[in-house]
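Comments concern the structure below.
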Amino acid sequence: QYSLDGTTWTDEIPSITGVGSVSYQVKATNANYEDATASGTLTVSAKAVTITVADASKVYGEADPTFTGTVEGLVAEGDLGTISYSREGSDANVGTYPDVLTANYTANDNYTVTVNKGDFEITKATMTVSAANYNAAYDGAKHEGGATPSVTEGTTIQYSLDGTTWTDEIPSITG
């Protein structure tokens with residue numbers, strides 16, 4: 001027989017499912033022997049779970065991608081609820097941002113969860129520029145080149161006549 005309090009005895013074997021501890025006593029009886037008793041403890045400790053968030057990147061100006069990751073160590077899928085991945089902070093400029101991708105989950109006392117955060121990189125977007133062309137007969141007036149970039153905000157236009165030396169001065173020709 002078994003007892004959880006040393007007073008009430010039952011044939012039901014003590015058990016434990018989740019994290020915790022249960023102390024119990026057991027008693028063996030036989031008409032030809034003296035009763036024997038012993039104590040026992042059932043202990044279940046938290047299981048280690050590792051969530052690894054995958055590194056990700058995007059091109060400057062685009063929306064964040066869908067972040068992903070992997071989970072190792074769960075006894076049953078769903079034990080941490082629906083695991084989602086997100087970016088901490090709102091950095092928007094080109095650069096690498098370490099450990100800003102994280103996992104969101106429902107805590108469960110049966111697990112000790114470690115989240116290995118991911119890095120996020122914002123790469124440069126492609127910008128184009130077109131150069132103004134001029135082709136006409138001589139008229140004695142000054143004619144300038146120019147440029148039109150695909151992105152105007154924060155863009156500096158420079159010009160070169162040799163591909164090596166750059167200046168803000170717009171090239172021109174008189175003729």
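Observations on the model:
- Filtering the stretch 3-24 to residues that are surrounded by fewer than 10 Cβ atoms within 10 Å (Cβ to Cβ) and closer than 18 Å to Thr112 by Cβ leaves Thr17, Gly18.
- Restricting the first member to the stretch 134-155 and to residues that are free of Cβ contacts under 8 Å to residues at least 60 places away in the same chain, and the second to residues that are open to solvent by less than 80 Å² (accessible area, probe 1.4 Å) and among the β-branched types (Val, Ile, Thr), the beta-carbon pairs closer than 8 Å and six or more apart or on different chains are Glu144/Ile170; Gly145/Ile170; Gly146/Ile170; Ala147/Ile157; Pro149/Thr155; Pro149/Ile157.
- Against the test of being touching a strand residue (DSSP E or B) at 6+ places or on another chain (Cβ under 9 Å), under 30 Å from Gly61 (Cβ atoms) and assigned to a loop (DSSP other than H, G, I, E, B), the options Thr148, Thr155 yield a single qualifying residue, Thr155.
- Strands (runs of 3 or more DSSP E) lying entirely in the stretch 53-118 (those with 1 or more residues that are within 21 Å of Val19 (Cβ to Cβ) and open to solvent by 50 Å² or more (accessible area, probe 1.4 Å)): 69-72, 111-116
The values are calculated or read from the model by the stated rules, or taken from the named source; none is laboratory data. Every value quoted in this text rests on a predicted model; they were computed, and no experiment measured them. Methodologically, a virtual Cβ is constructed for each residue, glycine included, from the backbone with ideal geometry; neighbour enumeration extends over all protein chains shown. Remember, those area values only see protein heavy atoms, side chains included, never the ligands or the DNA or RNA. Shrake-Rupley method; radii C 1.70, N 1.55, O 1.52, S 1.80 Å.
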